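Following: one structure in structure tokens, then a few remarks.
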Amino acid sequence: MKNIAVLILAFSCCVCQVAAHENYDNVHQCSGSTGCFDTLSLTSISQTLGAMGEKVANMAEKMTLLESKLVNSEREVLELRSLTAGKPQVAFSAALTESDGKHIGPFTTDTPLKYKKVFSNTGNGYNPSTGIFTAPVNGTYFFRFSMFKSVSPTSNSVVCLMKNDEWLASVWDTSGTDSTDMGSNAAVIALQVGDSVFVELQATRVVYESNLYFNTFTGFLLFTA
Ligand SMILES: *[C@@H]1O[C@H](CO)[C@@H](O)[C@H](O)[C@H]1NC(C)=O
Ligand SMILES: [Ca+2]
């Protein structure tokens, strides 16, 4: 709207300048006769005003059109915002495996757990072939994971929630005298674009999974930074 107002102003100035030149020519043509000058300049001014009026009417028409387009665009933006709540949608949830029941591990080094049974992955931040979630936007995220262990062959489970190479939260169960055990942990953390979050099975430890899906990894964006 501001730009259009400036345009109209600039356009009006041009018209004024043209009118002034026309008057100047008239003065030369009619030198000596003030009556002729008055009539000619009045005619010229009224012609100019007529042309201006037509142009302003055209512009008013165009502005009405633009206004209605703007109203439509604003309505569409509001609709889209209400769909996404004005923020990117990032949420995933996955379980370890679809097998009937098996141990995962032990490995000789700390290893990211690959949660392959994907329940949801809105925004595709989670990669089931690596087990790693990569933050698509700066923001504050919630993560939660669970660990299940069986008694045999060894009840010895340590899993950690990791942000890049930093330990955030762990579940630990290394007693060998009881049978099945389960634990979970969670964290709310600020991430920047490209930060990795995953659950790491520590070296020499195991977890047990079946198609009851004891071991899960879940995360979602709470709000953007
Ligand atoms: C994310 O945050 C970092 C640190 O505050 C900033 O340098 C970067 O520009 C931000 N990136 C985006 C895409 O907002
Ligand atoms: Ca125990």
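The values are calculated or read from the model by the stated rules, or taken from the named source; none is laboratory data. The structure presented is a predicted model; accordingly, all values stated were derived computationally and were not measured. We place every Cβ from the backbone using ideal geometry, glycine too, and count neighbours over all the protein chains shown.
Listed conditions (1) among the aromatic types (Phe, Trp, Tyr); (2) more than 16 Å from ligand 1 (Cβ to nearest atom); (3) within 18 Å of Ala94 (Cα to Cα) are all met by Trp167, apart from (3).
When each of Ser73, Ser93, Ser68 is tested for being surrounded by 13 or more Cβ atoms within 10 Å (Cβ to Cβ) and either at pLDDT 95 or above or not acidic (Asp, Glu) (or both), the lone residue that passes is Ser93. Among residues of segment 181-195 that are in contact (Cβ under 8 Å) with a residue 12 or more places away in the chain and assigned by TED's automatic domain parsing to the domain that holds Ala135, those with a beta-carbon under 8 Å from a residue that is within 16 Å of ligand 2 (Cβ to nearest atom) and assigned to a loop (DSSP other than H, G, I, E, B) at least six positions away or on a different chain give the pairs Asp181/Ser155; Asp181/Ser175; Met182/Phe214.
Can you tell which of Pro136, Pro128 is within 16 Å of ligand 1 (Cβ to nearest atom) and under 23 Å from Leu222 (Cβ atoms)? Spell out the reasoning first.
Values: Pro128 fails: within 16 Å of ligand 1 (Cβ to nearest atom).
Answer to the check: Pro136.
Every test in (1) more than 14 Å from Met162 (Cβ to Cβ); (2) free of Cβ contacts under 8 Å to residues at least 60 places away in the same chain; (3) surrounded by 16 or more Cβ atoms within 10 Å (Cβ to Cβ) is passed by Val207 save one, and that test is (2).
Residues are listed down the side, and each one gets a yes or a no for (1) crowded, with 20+ Cβ neighbours inside 10 Å; (2) closer than 30 Å to Pro88 by Cα; (3) more than 16 Å from ligand 2 (Cβ to nearest atom); (4) in contact (Cβ under 8 Å) with a residue 40 or more places away in the chain:
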residue: Asp110; (1), (2), (3), (4): no, no, yes, yes
residue: Asn124; (1), (2), (3), (4): no, yes, yes, no
residue: Val137; (1), (2), (3), (4): no, yes, yes, yes
residue: Ser150; (1), (2), (3), (4): yes, no, no, yes
residue: Ala203; (1), (2), (3), (4): no, no, yes, yes
residue: Asn211; (1), (2), (3), (4): no, no, yes, yes
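Please count how many residues of segment 171-190 are more than 16 Å from ligand 1 (Cβ to nearest atom) and under 30 Å from Asn138 (Cα atoms). Steps first, answer last, please.
First pass over segment 171-190, keeping only residues more than 16 Å from ligand 1 (Cβ to nearest atom): 171-188.
Okay, now just the ones that are also under 30 Å from Asn138 (Cα atoms), so 171, 183-188.
Of the residues in segment 171-190, 7 are more than 16 Å from ligand 1 (Cβ to nearest atom) and under 30 Å from Asn138 (Cα atoms).
Please enumerate the residues belonging to segment 187-201 that are within 18 Å of Val158 (Cα to Cα) and crowded, with 18+ Cβ neighbours inside 10 Å. First the steps, then the outcome.
Taking segment 187-201 and keeping what is within 18 Å of Val158 (Cα to Cα), we get 187, 197-201.
Val197, Phe198, Val199, Glu200, Leu201, listed by residue number.
Taking the stated definitions as given, is Val199 within 16 Å of ligand 2 (Cβ to nearest atom) and assigned by TED's automatic domain parsing to the domain that holds Pro128? The answer is no for Val199. The set of residues in segment 154-176 being acidic (Asp, Glu) and in a loop (DSSP other than H, G, I, E, B) consists of Asp165 alone.
Which one of these is at pLDDT 95 or above and within 31 Å of the chain's Cα centre (by Cα): Ala85, Ala135? Outline the logic, then answer.
Values: Ala85 fails: at pLDDT 95 or above.
None of the others qualify; the one that does is Ala135.
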